[in-house]
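The values are calculated or read from the model by the stated rules, or taken from the named source; none is laboratory data. These numbers were taken from a predicted model, which means no experiment stands behind them. We place every Cβ from the backbone using ideal geometry, glycine too, and count neighbours over all the protein chains shown.
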Amino acid sequence: MTGLPRAKTLGLVGCHACRLVCAPPAAHDDSRCPRCGTPLHQRQPHSLARAWALLLAGVIFYVPANLLPVMHTNMLGSGSDSTILEGVIEFWQSGSYGIALVIFIASVAVPCSKFLILGLLLLTAQRRSGWARHERTRLYRLVELVGYWSMLDVVVVGVVAGLVKFQALADIEPRLGILFFGAVVILTMLAAMQFDPRLIWDGETHERNS
Amino acid sequence: MVSPRRRLSVMWIVPTLAALIGLSMLVHAWSSEGPTITIAFKTAEGLEAGKTPVKYKAVTVGTVTAVDLSKDGSHVVASVALMKNAASLLRTDTRFWVVRPRIGMGGVSGIDTLLSGSYIAVDRGVERGFAKAYTGLEMPPTIIHDVPGTSFTIYADDLGSLDIGSPVYYRHMQVGHIASYRLDADGRRFNLQIFVNAPYDRLVTKGARFWNASGIDVSLGADGLKLNTQSLATVMAGGIAFATPTGGVSTPASAQTTYALAKDEAAAMAPSDGPAQFLQLRFENSLRGLSVGAPVQFAGMDIGHVTSIDLDYNAAAHRFPTLVGIEIFPSRLGGVTTRLPTYQGDQEQQAAQFLASLVAHGLRAQARAGNLLTGQLYIAIDFVPNAPPIAFDMQARPIVLPTVNGSFDQMQEQIASIVAKVNKMPLESIGRHLDASLGELNGTLGQINGELLPATTRTMQTLQRTLGTVQGTFADDAPLPQHITETLLEVQRTARSLRTLTDLLGRHPESLLLGTPNDAKPTANTKEEPTH
């Protein structure tokens with residue numbers, strides 16, 4: 001595979017909308033695909049910058065998502081707010097190990113690992129490092145697949161708040177924290193979408209050439 | 001085209017926005033943080049870290065953040081985080097106490113108050129200055145500064161279902177509540193502090209009467225079944241009610257006036273009983289159904305109650321008569337007490353002399369059945385006609401009133417005498433005689449059946465035949481009537497002829513000898529038929 005030429009050296013660009021292989025006339029930035037008319041880009045423009053921005057915003061929002069309460073439970077007149085971790089602990093202590101585990105994985109493990117993986121990918125892509133390229137690709141695919149499963153916690157809160165409406169006996173309401181948590185999930189999803197995975201492999205030519 | 005742009009991507013707005021939001025939230029939370037104070041309590045019962053609210057005028061102004069034991073373990077320290085706008089409540093003499101609510105404090109206000117936890121109530125002080133550490137009160141204070149109203153003291157023999165927060169009613173409307181209670185030093189009664197809100201505190205007059213209006217008042221006594229309740233709240237929560245009896249003093253009472261708590265409305269509103277007179281009664285028969293507290297009635301009016309029932313021993317007759325102690329209140333008789341004759345001496349001597357004159361006229365005490373269903377007895381003091389005279393000892397203390405058997409007992413005696421009389425009748429010999437008579441009657445009847453009846457039957461048959469014959473004789477077509485008719489006709493003719501003859505003889509008497517004259521013609525007077 002190393003003997004094959006790269007599109008860049010041949011001056012070819014693939015249209016990301018209709019997949020037509022085009023040969024742009026000059027090193028222009030605003031050439032368009034002759035077939036569908038979408039602007040041509042060799043790599044996603046500002047991929048790293050955008051991905052960093054979104055990742056950073058996600059990390060910033062993760063703080064209030066964990067500190068602010070996500071749910072307000074009113075049981076027989078005594079109401080209490082609970083954050084994500086408090087909810088996990090409560091479920092664990094009351095014996096619902098499965099639910100506690102699921103919420104922990106979906107709300108704590110997955111977002112944190114996404115932050116770490118995306119950070120790693122962006123860092124290594126920025127420095128054009130050639131370390132563990134295959135593994136990094138796999139990590140990227142994992143992040144993409146698993147990303148939206150964090151929404152599970154938001155769905156749980158929404159369903160529970162919608163179902164448990166027994167007036168004075170039991171009443172559950174969502175609180176601001178879940179909004180921030182939803183924003184974190186969306187921002188990390190967008191960050192993963194913004195990252196162009198081809199950047200992982202960009203340094204390879206230099207290595208081979210150097 | 002891989003060359004990185006030097007221009008800053010528009011996307012960086014997103015994290016800056018996020019940072020701004022986070023920062024503003026932080027600043028807002030920090031700036032709206034109110035003061036934190038510590039309150040020391042004897043016990044942390046009802047306090048829960050992070051949950052127990054602090055309320056002022058029913059508005060949550062803070063939360064208990066932590067509950068810890070003090071260093072020497074003698075009391076509990078609760079850390080409270082107040083809201084910013086509640087900082088003005090903190091004065092040096094601000095008071096805190098834990099309110100542990102009950103079912104229906106002032107009313108059944110919903111299931112959430114039934115089960116929601118205690119809270120800490122605040123009473124803002126008046127002195128200027130702030131403090132950080134407070135000592136909580138164990139009992140709610142009697143005077144709460146900001147609520148207008150007046151406090152009063154009520155003495156109660158027993159608490160019943162009353163508690164802090166129990167409502168105080170006036171004409172079934174809640175006008176106040178019980179602020180606190182404590183047992184007197186000698187442990188004999190309770191000292192209740194009630195707080196009546198303005199403007200109803202002026203309804204509490206000097207002559208007001210308070211009574212315990214808790215629950216449902218059911219009484220089944222000698223005078224029937226009574227059921228009374230103040231409101232549903234008092235059924236569950238207990239309460240006190242008050243009213244001024246008509247004619248009572250109506251000037252508003254000043255703060256901390258003391259009142260006594262009566263058992264129920266009737267007891268409270270009843271005019272005061274006046275002095276009591278103790279009497280003793282001695283009954284020979286058993287008084288099953290008489291209980292302490294049973295009413296004593298005179299001339300149909302309730303004038304007292306039974307205070308004690310004891311047994312006495314009569315060694316001579318080996319019997320155990322019953323000694324009943326009663327307490328009567330002469331003032332319950334009403335206005336008639338002014339018309340009674342007065343005597344010399346103290347109250348006991350006067351009573352003894354008065355009773356002596358009445359006893360001489362037949363005043364006796366009786367135990368009568370008040371309720372045949374339950375067998376309850378009551379004491380009735382009445383004039384008994386034809387009562388045998390009994391010596392009345394005026395000097396005996398306690399004064400002993402003579403007794404007679406109750407009407408039920410008398411009925412029993414009468415029944416007993418009837419039974420004795422019935423017993424005395426010679427029922428056996430009557431029976432034997434009756435038996436013999438019946439046997440003879442039997443024989444007689446047999447005789448009648450065997451002889452008399454057939455004879456009668458034959459007679460009847462003969463009579464029947466005779467009547468048939470007679471009937472046949474007098475039938476229309478029988479020969480006899482025809483013969484009789486013909487005979488009568490003949491007789492009639494004969495009689496006519498005879499009349500003619502006598503007529504002729506009368507006119508011509510000589511015709512008897514000479515014969516009929518020729519000119520003797522039948523006259524037109526006589527109706528005659530041509531004779532042949």
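Within the range A:87-99, is even one residue within 14 Å of another protein chain (Cβ to nearest Cβ) and hydroxyl-bearing (Ser, Thr, Tyr)?
no
Return a yes/no flag: does the range B:311-322 have any residue that is among the β-branched types (Val, Ile, Thr) and in contact (Cβ under 8 Å) with a residue 40 or more places away in the chain.
Taking every residue of the range B:311-322 in turn, at least one turns out to be among the β-branched types (Val, Ile, Thr) and in contact (Cβ under 8 Å) with a residue 40 or more places away in the chain.
Residue check, A:Pro5 against (1) assigned to a loop (DSSP other than H, G, I, E, B); (2) over 27 Å from A:Arg141 (Cβ atoms), all met but one. Which one?
Unmet condition: (2).
Show me the strands (runs of 3 or more DSSP E) found entirely inside the range B:231-306 where at least 2 residues are more than 21 Å from the chain's Cα centre (by Cα), crowded, with 17+ Cβ neighbours inside 10 Å and of a type outside the set (D, E, K, R).
In the range B:231-306, B:240-243, B:258-262, B:277-283 are the strands (runs of 3 or more DSSP E) which contain 2 or more residues that are more than 21 Å from the chain's Cα centre (by Cα), crowded, with 17+ Cβ neighbours inside 10 Å and of a type outside the set (D, E, K, R).
Looking at A:Ser129, is it away from chain B (no Cβ under 14 Å), buried (at least 20 other Cβ atoms within 10 Å of the Cβ) and of a type in the set (S, T, N, Q)?
Here the answer is no, as A:Ser129 does not meet what is asked.
Consider B:Thr459 carefully, then state whether it is of a type in the set (Ser, Thr, Tyr) and assigned by TED's automatic domain parsing to the domain that holds B:Pro321.
Criteria not met by B:Thr459.
Of A:Leu48, A:Leu55, which residue is facing another protein chain (nearest Cβ under 9 Å), touching a residue at least 24 places away in the same chain (Cβ under 8 Å), under 30 Å from A:Leu20 (Cβ atoms) and part of a helix (DSSP H, G or I)?
The unique qualifying residue is A:Leu48.
The rows are residues; the columns are (1) more than 25 Å from A:Gln44 (Cβ to Cβ); (2) buried (at least 16 other Cβ atoms within 10 Å of the Cβ).
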{"site": "A:Arg141", "(1), (2)": "no, no"}
{"site": "A:Phe166", "(1), (2)": "yes, no"}
{"site": "A:Arg175", "(1), (2)": "yes, yes"}
{"site": "A:Ala192", "(1), (2)": "no, yes"}
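Any residue in the range B:21-48 that's closer than 24 Å to B:Leu89 by Cα and more than 13 Å from chain A (Cβ to nearest Cβ): show its pairings with residues that are outside any strand (DSSP E or B) and of a type in the set (A, V, I, L, M) at Cβ separation under 6 Å, as long as the two are six or more apart or on different chains.
B:Gly34/B:Ala86; B:Gly34/B:Ala87; B:Pro35/B:Ala87
State all residues of the range A:141-180 that are within 13 Å of chain B (Cβ to nearest Cβ) and among the hydrophobic types (A, V, I, L, M, F, W, C); if no residue qualifies, say none.
A:Phe166, A:Ala168, A:Leu169, A:Ala170, A:Leu176, A:Leu179, A:Phe180 - these are the residues of the range A:141-180 that are within 13 Å of chain B (Cβ to nearest Cβ) and among the hydrophobic types (A, V, I, L, M, F, W, C).
Condition check ((1) at pLDDT below 85; (2) out of contact with any Gly (no Cβ under 6 Å at 6 or more places or on another chain)) across all residues:
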site: B:Tyr378; (1), (2): no, no
site: B:Asp393; (1), (2): yes, yes
site: B:Pro398; (1), (2): yes, yes
site: B:Ser407; (1), (2): yes, yes
site: B:Asn423; (1), (2): no, yes
site: B:Ser429; (1), (2): no, yes
site: B:Leu438; (1), (2): no, yes
site: B:Ala455; (1), (2): no, yes
site: B:Leu467; (1), (2): no, yes
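Among the candidates A:Leu199, A:Leu120, single out the residue that is part of a helix (DSSP H, G or I), at negative phi and within 13 Å of another protein chain (Cβ to nearest Cβ).
A:Leu199
Would you point out which residue out of B:Val10, B:Val76 is on the phi < 0 side of the Ramachandran plot and more than 14 Å from chain A (Cβ to nearest Cβ)?
Going through B:Val10, B:Val76 in turn, the sole match is B:Val76.
Could you figure out which of (1) more than 10 Å from chain B (Cβ to nearest Cβ); (2) more than 29 Å from the chain's Cα centre (by Cα); (3) part of a loop (DSSP other than H, G, I, E, B) isn't true of A:His16?
A:His16 satisfies all of (1) more than 10 Å from chain B (Cβ to nearest Cβ); (2) more than 29 Å from the chain's Cα centre (by Cα); (3) part of a loop (DSSP other than H, G, I, E, B) except (2).
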